[in-house]
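The structure under discussion appears below in the form of structure tokens.
The values are calculated or read from the model by the stated rules, or taken from the named source; none is laboratory data. This structure is a prediction, so every number in the text was calculated from the model and none was measured. Here the Cβ is made from the backbone with ideal geometry for all residues, glycine too, and neighbour counts use every protein chain on show.
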Amino acid sequence: MDIKTSTADKIVRELRKCGVTHVVGLPDGESNSVYEAAMTQDGLTVVPICREGEAVAIAAGLLLGGKTPVVLHQNTGFFEAGDSIRGLALDLHLPLLMMIGYRGWRRDKPLTDSAAIFLEPMLDTWGIQHYLVESENDVQAVSRGFKEANETQKPVVILLGTGGG
């Protein structure tokens, strides 16, 4: 279940306020509306990828080139991109905001999808701060995460949760 279009539009507006120039990613069931909203924004370039492991390397190149990218993919893609996240984002201290579709997340029910069960413990193990955005009321977390990534020179994750399971 995708995050609501109105919430996605506000997320993209928040990214623009932060000066984001590129969204590097692969849309999924939870983040597709954010991907689509980003595609409609003037001054915001969407860089489609084939596999999530490419996203951090492409974002690193954009950062080195003076651009301001964010990475967008699903929690399963986060696991696939693990070596790039470790070897580039963490080891090189990249101030990278990552938005991750939180497949399997449920607000008031036990988690049953291993992609959801393992995500936050893995982020905690790697010392990656994370914030949940599931509605328009949470969108300010995008700016907070962006600011924190730049202050700490570490990646920060925005979890895109729909609560639909």
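Okay, residues lined up against (1) of a type in the set (Asp, Glu); (2) farther than 21 Å from residue 141 by Cα; (3) crowded, with 22+ Cβ neighbours inside 10 Å; (4) without any contact (Cβ under 8 Å) to a residue 12 or more places away in the chain:
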{"site": "22", "(1), (2), (3), (4)": "no, no, no, no"}
{"site": "51", "(1), (2), (3), (4)": "no, yes, no, no"}
{"site": "59", "(1), (2), (3), (4)": "no, no, yes, no"}
{"site": "66", "(1), (2), (3), (4)": "no, yes, no, yes"}
{"site": "77", "(1), (2), (3), (4)": "no, yes, yes, no"}
{"site": "84", "(1), (2), (3), (4)": "no, yes, no, no"}
{"site": "103", "(1), (2), (3), (4)": "no, no, yes, no"}
{"site": "110", "(1), (2), (3), (4)": "no, yes, no, yes"}
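Scanning the range 33-64 for residues being touching a strand residue (DSSP E or B) at 6+ places or on another chain (Cβ under 8 Å) and polar (S, T, N, Q) gives a total of 1. Every residue in the range 141-156 that is within 20 Å of residue 64 (Cα to Cα) and either touching a helix residue (DSSP H, G or I) at 6+ places or on another chain (Cβ under 9 Å) or of a type in the set (Val, Ile, Thr) (or both), please. The answer is 146, 152, 154, 155, 156. Residues that are surrounded by fewer than 20 Cβ atoms within 10 Å (Cβ to Cβ) and within 22 Å of residue 114 (Cα to Cα) within the range 27-49 comprise 29, 32, listed in sequence order.
Could you run through the range 4-29 and say how many residues are within 15 Å of the chain's Cα centre (by Cα), under 23 Å from residue 149 (Cα atoms) and outside any helix (DSSP H, G or I)? Looking only at that region, the number is 9. Residues of the range 116-165 that are among the small types (Gly, Ala, Ser), in a helix (DSSP H, G or I) and under 22 Å from residue 88 (Cβ atoms): 145, 149.
With respect to the stated conditions, residue 88 is in contact with a Leu (Cβ under 7 Å, 6 or more places away or on another chain) and at pLDDT 95 or above.
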